[in-house]
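Following: one structure in structure tokens, then a few remarks.
The values are calculated or read from the model by the stated rules, or taken from the named source; none is laboratory data. Because the structure is predicted, anything quoted here is derived from the model rather than measured. In this analysis, Cβ positions are derived from the backbone assuming ideal geometry, glycine residues included, and neighbour counts consider all displayed protein chains. Accessible surface is based on the protein model in full, side chains and every heavy atom, while ligands, DNA and RNA are left aside. Shrake-Rupley method; radii C 1.70, N 1.55, O 1.52, S 1.80 Å.
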Amino acid sequence: MADIRTVPGRGPVVTALVQVGRVLREVARRPGGLFGLIVVVGLFVVVVAAPLVAPYSATQQDIANRLAGPSLHHLLGTDQLGRDLLSRVIYGARIAMAVAVPAVLLAMAVGLVVGLIAGYFGGGTDQVAIVGMDAVQAFPAVILALALLAVLGPSLRNVVIVIAVALAPGYARVVRAMTLAAKQNQYIEAELSLGVSAARLTTYHLLPNIAPPLFILMAMDMPSAIAIEAGLSFLGLGVPPPSPSWGALLADGFTYVLISPWAILAASLALILVTVGFTMLGEALRDVLDPKLSGVRGVNRLMPRAR
């Protein structure tokens with residue numbers, strides 16, 4: 001099969017889509033990768049189609065059936081206000097993704113900029129960036145989030161910001177290390193000697209080389225972001241009620257655990273399933289995109305080579 005870069009008439013967008021399709025096919029060939037893909041795709045389907053999938057509204061109360069166990073009318077039971085737990089878990093997936101996706105994307109964007117600047121310019125700029133990253137990473141993610149939320153106040157936007165701040169140094173370190181390594185390649189030195197602009201060098205040579213590790217890191221950080229949001233909501237500092245955050249479901253469930261354990265079981269199973277799904281997808285992506293782990297089936301064949 002011909003390399004898609006040699007096929008005429010295919011623009012960069014089509015080329016990128018074909019490469020993504022190849023990567024996904026390789027991921028799906030691995031049992032763990034297939035499981036992760038099913039979980040992640042199913043999660044996004046549930047998030048988009050929540051009003052169609054959920055049997056009830058997430059805030060609809062039925063006091064007469066409060067703390068009820070699983071039944072044909074309420075498959076996972078009800079909470080202390082008679083709200084359907086299955087519906088609240090489904091709508092809770094929306095909150096989890098509404099926090100995790102923008103938080104991880106924001107962290108990646110900030111880390112990408114900081115890492116590229118630090119790795120490309122080096123010297124004093126690199127030292128300042130390292131000190132900043134060390135200062136942020138010196139605090140555990142949850143402690144840093146608690147401190148920032150104590151100042152900013154609990155809200156969906158602020159939760160996204162604090163999670164992004166906690167995760168951004170990890171991306172910056174990866175991008176910086178990959179940039180420093182890429183700069184040692186002969187073709188980079190040749191481009192620099194020809195006076196190529198920093199923007200062109202970054203766009204056409206550095207980004208294609210550092211993109212695969214970022215995709216892997218994003219997949220691995222999604223469950224971390226979801227877990228941080230759930231932990232903050234459990235402590236009452238996340239998304240304000242009555243939003244059905246999985247952390248809020250756990251907090252309410254612990255209050256009535258001796259009467260009805262179903263809220264804890266429902267939220268815990270949701271968190272476990274999503275965490276395992278994203279983790280296995282990230283590991284499969286690592287095997288496919290990392291040439292040291294996947295040999296000829298890795299990034300050299302699946303990702304376009306920088307020119």
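Numerical summary
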{"item": "Candidates VAL136, VAL128, filtered to the one that is assigned to a helix (DSSP H, G or I) and open to solvent by 70 Å² or more (accessible area, probe 1.4 Å)", "result": "VAL128"}
{"item": "Restricting the stretch 117-132 to residues that are hydrophobic (A, V, I, L, M, F, W, C) and modelled with pLDDT of 85 or more, the residue that is nearest to THR202 (Cα to Cα)", "result": "ILE117"}
{"item": "Selection from the stretch 98-119 of residues that are open to solvent by less than 10 Å² (accessible area, probe 1.4 Å) and closer than 30 Å to PRO55 by Cα", "result": "VAL99, ALA100, ALA103"}
{"item": "Tabulated pairs, the stretch 145-174, first farther than 13 Å from ALA98 by Cβ, second in a helix (DSSP H, G or I) and among the acidic types (Asp, Glu), C-beta under 7 angstrom, 6+ apart or interchain", "result": "LEU167/ASP221"}
{"item": "Positions within the stretch 16-46 being among the aromatic types (Phe, Trp, Tyr) and either within 23 Å of PRO208 (Cα to Cα) or surrounded by 14 or more Cβ atoms within 10 Å (Cβ to Cβ) (or both), in sequence order", "result": "PHE35"}
{"item": "Residues of the stretch 228-250 classified as surrounded by fewer than 21 Cβ atoms within 10 Å (Cβ to Cβ), free of Cβ contacts under 8 Å to residues at least 40 places away in the same chain and in contact with a Gly (Cβ under 7 Å, 6 or more places away or on another chain), total", "result": "1"}
{"item": "Residue tally, condition under 14 Å from LEU265 (Cα atoms) and open to solvent by 20 Å² or more (accessible area, probe 1.4 Å), over the stretch 68-88", "result": "6"}
{"item": "Checking LYS292 against (1) surrounded by fewer than 17 Cβ atoms within 10 Å (Cβ to Cβ); (2) part of a helix (DSSP H, G or I); (3) at pLDDT 85 or above, the condition it does not meet", "result": "(3)"}
